[in-house]
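Chemist: Before I ask anything, here is the structure I am working with.
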Amino acid sequence: MNEIIIGVVILIILIAVFLSGRKQRLARADSDLTAQRTEKESWEKESVISYQQVQQLREGLHKLIEERLADRPEDKERLVKIIDDWADLKVQSFHERRSWIRRPDQTQQE
C-alpha cells in the first residue's frame, strides 16, 4: 500500500513539473511572437526609399534651398547640412535593411 501511495505522489509531482514547464515554454513563445509582430509592424510603418530616390530628393531639396534662401546664407547652410544628414541616414537604413542585395551606390560608381 505504501508503494502505491509513493508511486502516486511521484506521478503527481512529475505531472506538475511537466505542466509547469509547458506553461513557461508557452508563455515564452507567446512573448517571442508578440515581439516579432511588434518589430514587423514597426518596419511596415517605416518609410523605405531606395538610394536613387534619396539622391533625387536630396538634389531637389538643394535646388529649392538655392532658389528660396539665396539671401540667407546661414540658414541655407544649416538646411543643406540637415538634408545631407537625413539623406545619409536614409541610405544607411536602406543598406541595413537590404543588406542581402548589392549596394546601389557601389554599382553606380563602377
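The values are calculated or read from the model by the stated rules, or taken from the named source; none is laboratory data. Please read these numbers as outputs of a predicted model, since none were measured by experiment. Here the Cβ is made from the backbone with ideal geometry for all residues, glycine too, and neighbour counts use every protein chain on show.
Chemist: Taking residue 69 as the residue in question, decide whether it is more than 28 Å from residue 95 (Cβ to Cβ), modelled with pLDDT under 85 and out of contact with any strand residue (DSSP E or B) (no Cβ under 9 Å at 6 or more places or on another chain). Steps first, answer last, please.
Modeler: Details: more than 28 Å from residue 95 (Cβ to Cβ): yes; modelled with pLDDT under 85: no; out of contact with any strand residue (DSSP E or B) (no Cβ under 9 Å at 6 or more places or on another chain): yes.
No: the conditions fail for residue 69.
Chemist: What are the residue pairs meeting all of these: first residue in the range 60-88, first residue in contact (Cβ under 8 Å) with a residue 24 or more places away in the chain, second residue charged (D, E, K, R), Cβ atoms under 8 Å, and 6 or more apart or on different chains?
Modeler: 83/58; 84/58; 87/58
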